[in-house]
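Peer 1: Before we start, here is the structure in question, set down as structure tokens.
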Amino acid sequence: MAGTEELRALRGAVADLMAKRSDDGWDELAAMGLLGLLVPEEYGGAGAGPVEVGAVAEELGRVLFAGPYLSTAVFAVNLLTALDDPAQCAAVLPAIAAGTKRVAVAFAEGDSTRPPAAPATSARSGADRPLLTGEKRFVLDADSADLLYVLAAAESGPGVFAVDPGGPGITVEPLTTVDASRRLCLVRFADAPASAVGAPGSGVQAVTTALDHTAVALLGEQAGAARHAMEMARDYAKTRYQFGRAIGSFQAVKHMCADMLLEAESAVSAARHVATAAGSTGWVADLALAQAYCSDAFVFVGATNIQVHGGIGFTWEHPAHRYLRRARGDAQLFGSPSWHRERYLREIGA
């Protein structure tokens, strides 16, 4: 785990890149080693951990980064680590670190954004390889992926299967969501050729483990975005004048800004605590509580930021609404706040 000075330098480097980029900055992220941050050194990565990824995620969250960092550099890498398939790791991880392969993970079905215990999507034996049939929803960045990992039922139990999204029997349909910068897709499979990855029957556990570790990065994004939205409101309240006074001098606006500060800074603390504790005994309970809290805090800060801005905050041209949109989407991305609270209670035995 990097020290305080190293983390500060890492945050500064990512912030500088985000300030200068003219597109999604994917090649630059690869050149800086950020796409391979979680990739083990033996596969061309940095072999870093959740603390470093959380620091990067905070800066990406501040600018509402729209590239597939969360799906490829975090979720896919965590899934391959959980599956422990050396051949697949050797084939995919170096390409992820180099920025030449984008990967999406398809697991959700129906209206849930959590891995199903018994997937409806199934894999049957074909002439020379498994064939997938079914439907996956809310697949993050599937429309730009070069490779899909799919959770599907099989004779030996639920497993993970690698699929070429451009191959036969696959349809990828972008979904219309509240946050256009977070690409979610519907993916349909009709006897799509696939390859099994990892141990048979280990799919649900592997995807759940990967999802939990990926949530550390999502928390970082939520915390970073909430803090930036709070700063937007603060700066506007100091420079917007009405009745000859800065609106920040009015008691009602002061109270809103103070509440935003409390929620945003608490979200940062929660996200960093979970990143530091990742993998330790009892950390899943902390993770669940942090996911519920950061989701609610980001929504509150995003909505209050618009209130502070007044009429201009509702306009399409102003960025304030984009933070509320991202907050609403992120609050459901890996499970709703109420689901995470229930999980927390289960984890502590309440």
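The values are calculated or read from the model by the stated rules, or taken from the named source; none is laboratory data. A quick note: this is a predicted structure, and the numbers were derived from the prediction, not measured. Here Cβ is always computed from backbone atoms with ideal geometry, including for glycine, and neighbour counts include all displayed protein chains. These area figures cover heavy atoms from the full protein model, side chains too; ligands, DNA and RNA do not enter into them. Shrake-Rupley method; radii C 1.70, N 1.55, O 1.52, S 1.80 Å.
Peer 1: Within the stretch 147-187, how many residues turn out to be within 23 Å of Arg328 (Cβ to Cβ), in contact with an Asp or Glu (Cβ under 6 Å, 6 or more places away or on another chain) and open to solvent by 30 Å² or more (accessible area, probe 1.4 Å)?
Peer 2: Looking only at that region, the number is 2.
Peer 1: Does the stretch 300-320 include one or more residues that are among the polar types (S, T, N, Q), at pLDDT 95 or above, open to solvent by less than 40 Å² (accessible area, probe 1.4 Å) and farther than 23 Å from Glu109 by Cβ?
Peer 2: Yes - at least one qualifying residue is present in the stretch 300-320.
Peer 1: Consider the stretch 96-132. How many of its residues are among the hydroxyl-bearing types (Ser, Thr, Tyr) and open to solvent by less than 30 Å² (accessible area, probe 1.4 Å)?
Peer 2: Total meeting the criteria: 2.
Peer 1: Which of the residues that make up the stretch 67-90 are open to solvent by 30 Å² or more (accessible area, probe 1.4 Å) and not in a loop (DSSP other than H, G, I, E, B)?
Peer 2: Within the stretch 67-90, Thr81, Ala82, Pro86, Ala87, Gln88, Ala90 meet the criteria.
Peer 1: OK, next. Quickly run through the stretch 17-33 and pick out the residues that are over 20 Å from the mean Cα position of the chain (by Cα), assigned to a helix (DSSP H, G or I) and either assigned by the TED database to the domain that holds Ala217 or more than 18 Å from Ala225 (Cβ to Cβ) (or both).
Peer 2: Those that are over 20 Å from the mean Cα position of the chain (by Cα), assigned to a helix (DSSP H, G or I) and either assigned by the TED database to the domain that holds Ala217 or more than 18 Å from Ala225 (Cβ to Cβ) (or both): Lys20, Ala31.
Peer 1: List the residue pairs whose Cβ atoms are under 7 Å apart, where the first residue sits in the stretch 130-159 and is basic (Lys, Arg), the second is open to solvent by less than 30 Å² (accessible area, probe 1.4 Å) and assigned to a strand (DSSP E or B), and the two are 6 or more positions apart or on different chains.
Peer 2: Pairs found: Lys136/Ala106; Lys136/Val150; Lys136/Val187; Arg137/Leu186.
Peer 1: A follow-up question, please. Would you mind finding the one in Leu64, Leu93 that is assigned to a loop (DSSP other than H, G, I, E, B), open to solvent by less than 30 Å² (accessible area, probe 1.4 Å), modelled with pLDDT of 95 or more and touching a helix residue (DSSP H, G or I) at 6+ places or on another chain (Cβ under 6 Å)?
Peer 2: The unique qualifying residue is Leu64.
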